[in-house]
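Asker: Please read through the structure below; I'll follow up with questions.
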Amino acid sequence: MSNRSTNNVWVVLQLKDGQPTRGSWEAIAAGQKLAAGLGVRAEAVVLGADVSAAAAAVAARDLAQVHTAEHAALGAYTPGATIGALAPALRAAAPSYVLFPHTYQTVDYMPRLAQEIGAGLLPQVTSFVSEGSDLFWSRPILGGKMQAKVRVQGEGTVLVSVQSGAWSADDAAAGSA
């Protein structure tokens, strides 16, 4: 599906009241589809002060693994704590793609995280398609009046935010992580 070297696909979730948001389930559905096309399985990342219930819910999906980061500093969102938890893990694992729900929080910290780990940044994607050995992503431009079709070149991790509603949360396949 892609001429880039393929490692894993990670999906970083966002929680509300201790449970994954609808956008997180949509990102999992997108991550599962992307991983299947790349011949790998998606993995989830859950951050927060108490993530046991959320991690259990996510583990009931078709994922290779659920990574957790649990600390009081992650209880209320701050970009510094989020980047501080994600950056070392992403450097160590070097996933090919890391998907996020496209929210105010991810818009806030993703550019800094990309800079911190030397990753590419692909915001607000609405779809992707394989054409030969290339993977093309669609994302809105000009205030949503047009769609741009982009291809990522080079090596290394790419951070991708998934536009709300682009994938159905109901498509997040059940399984066991």
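Asker: For the range 1-128, what does the accessible surface come to per residue with a 1.4 Å probe? Please give it in Å².
Answerer: It amounts to 42 Å² per residue over the range 1-128.
Asker: A further question on this structure: Which Cα, out of A73, S24, G39, lies furthest along the positive dipole direction of the chain (beta carbon charges, K/R +1, D/E -1)?
Answerer: It is G39, whose Cα lies furthest towards the positive end.
Asker: Taking the 0 to 90 degree range and rounding to the nearest ten, how far is the long axis of helix 104-117 tilted relative to the main principal axis of the chain, both from C-alpha atoms?
Answerer: Roughly 80 degrees, rounded to the nearest 10.
Asker: Given contacts defined as C-alpha pairs under 8 Å and at least six residues apart, what's the relative contact order of the chain, whole-number percent?
Answerer: It rounds to 31 percent for the chain.
Asker: L121 versus Y104, label points 7 Å from Cα toward the beta carbon: distance in nm?
Answerer: If labels sit at L121 and Y104, their model points lie 1.9 nm apart.
Asker: For a quick check of your reading of the filter: which trypsin sites (Lys or Arg not before Pro) in the range 79-153 sit in a DSSP loop and have no more than 14 other Cβ atoms within 10 Å?
Answerer: Of the trypsin sites (Lys or Arg not before Pro), the ones in loops of the range 79-153 whose Cβ has at most 14 other Cβ atoms within 10 Å are K145.
Asker: Work out, step by step, the length gained on full extension between D17 and D134: first 0.36 nm times the residue separation, then minus their alpha carbon distance; give nm to one decimal.
Answerer: Roughly 38.2 nm would be gained on extension.
Asker: Something else about it: I want the local charge near F128. Using Cβ-Cβ distances under 11 Å, sum +1 for each Lys or Arg and -1 for each Asp or Glu among the other residues.
Answerer: +2
Asker: Right, another one. Report, in degrees rounded to the nearest 10, the 0 to 90 angle that the Cα long axis of helix 22-38 makes with the longest principal axis of the chain.
Answerer: Once rounded, one gets 50 degrees.
Asker: So, one more: Give me the number: length gained by fully extending Y77 to K149, i.e. 0.36 nm times residue separation minus the C-alpha to C-alpha distance, one decimal in nm.
Answerer: Between Y77 and K149, full extension yields an extra 22.7 nm.
Asker: Let me ask another. Note down the relative contact order for the range 22-87 as a percent, whole number, built from C-alpha pairs under 8 angstrom at least six residues apart.
Answerer: Result for the range 22-87 is 29 percent.
Asker: How many percent of the accessible area of the chain is carbon or sulfur, using a 1.4 Å probe?
Answerer: Accessible surface attributable to carbon and sulfur in the chain totals 50 percent.
The values are calculated or read from the model by the stated rules, or taken from the named source; none is laboratory data. Everything numeric here is computed off the predicted structure, so don't read it as measured data. Positions of Cβ are generated from backbone atoms using ideal geometry, with glycine treated the same way; all protein chains shown enter the neighbour counts. For accessibility, only protein heavy atoms count, side chains too; no ligands or nucleic acids. Shrake-Rupley method; radii C 1.70, N 1.55, O 1.52, S 1.80 Å.
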